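Okay, structure first, notes after.
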Amino acid sequence: MVDTHCHIFSSDYNNIDDVIKRAIDNGVRMIIVNGCDAKTNNEVLELVKKYDIVYGALGIHPEEVDNYKDEDIDFIIKHIDDDKIVAVGEIGLDYHYDYDKKKQIMLFKRQLEIAKSFNKPVIIHSRDSIQDTYNILKEYNVKGIMHCFSGSLEMASEFIKLGFLLGIGGIVTFKNSKKILDVLKEISIEYIVLETDSPYLAPEPNRGKQNEPAYIGLIAKKIADIKGITYEEVNSITTSNVSRLFDKQLMI
Ligand code: NI
């Protein structure tokens, strides 16, 4: 199994060695840690060196739009082709809070330029902003993952047409998840990847606790139930979806 999206950083976890060990013990073969700002992008570089199963994405999250500096973008450019750095992320648009939309769009586009010029996939955060996110991604002709996808079936199909996979996480195990379950039923498993978004959004029965990659099997199991296929099929197909997207020599 692959956890395509998590943030296992020192600010949230006292013992990352144990987090990685529990992930391996629970069948996780690859973890993509997503940076969000200068500090966490730096930690991503350390984590990919330290742990075989960890790969990284570098990016400035839209919530950092008022905090980031030009040198933080230069850092991404400098390291985006490092060993085991597989994507630009977590990047995108978040209209849920009052961050300036124009500034967010500028930051998003700057990072999409990086992805395009280095030919890297992107890992996208989109909250209350799906139409703008779609319009911008369409301009850039990049592929990637729609992290924590929560849009309609129609939008899911449009993102898939652009070359995106849908990241599905703990929300599918929650009681009020009808919208995403309806999307999941209709979308082929060929376009689905697993993610935990640790430390957030722990799947049931761990909802409300600190999440970690070891819980990814709970999400795979729920998807298997919804799709009427086996747990093993979910694991093998979502893993090959990841290999197909990243199109490079991964350990999986
Ligand atoms: Ni995230």
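The values are calculated or read from the model by the stated rules, or taken from the named source; none is laboratory data. Source: prediction; values computed, not measured. Glycine also receives a Cβ, built like all others from the backbone with ideal geometry; neighbour counts cover every protein chain displayed. These area figures cover heavy atoms from the full protein model, side chains too; ligands, DNA and RNA do not enter into them. Shrake-Rupley method; radii C 1.70, N 1.55, O 1.52, S 1.80 Å.
Summary of values
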read-out	value
Lys/Arg +1, Asp/Glu -1 at C-beta; the chain dipole; positive extreme among I219, L184, F164	L184
Whichever lysines have a C-alpha closer than 20 Å to that of K69, once near sequence neighbours (fewer than 8 apart) are set aside	K39, K78, K101, K102, K103, K109
Accessible surface of the stretch 2-249, 1.4 Å probe, proportion on carbon and sulfur as whole %	47 percent
Qualifying lysines (Cα of each under 18 Å from Cα of K222; at least 8 residues distant if same chain)	K175, K178, K179, K185
Dipole in debye (nearest 20) - the chain, about Cα centre, beta carbon charges: Lys, Arg +1; Asp, Glu -1	560 debye
Equivalent-ellipsoid semi-axes of the stretch 142-190, from the Cα gyration tensor, Å, largest first	19, 11, 8
Relative packing of 196-203, 226-233, which averages over residues the other C-beta atoms within 10 Å, highest first	196-203, 226-233
Using θ = phi - 60° and Karplus 6.51 cos²θ - 1.76 cosθ + 1.60, couplings along the stretch 163-173 (whole Hz; Gly, Pro as x)	x, 9, 9, 9, x, 10, x, x, 4, 5, 8
Computed accessible area, M1, all protein chains, 1.4 angstrom probe, square angstrom	10 Å²
Sequence of L218, L181, L137 when ordered by accessible area, the most exposed leading, probe 1.4 angstrom	L218, L181, L137
Whichever aspartates and glutamates have a C-alpha closer than 19 Å to that of K227, once near sequence neighbours (fewer than 8 apart) are set aside	E154, D182, E186, E190, E195, E204
Accessible surface, per residue, of the chain when the full set of protein chains is kept, probe 1.4 Å, Å²	45 Å²
Sites N135 and D247 - FRET efficiency at Förster radius 41 Å, r taken between beta-carbons, to 0.05	0.95
Rg/Rg_globular for the stretch 2-249, with Rg_globular taken as 2.2 N^0.38 Å and Rg from C-alpha atoms	0.93
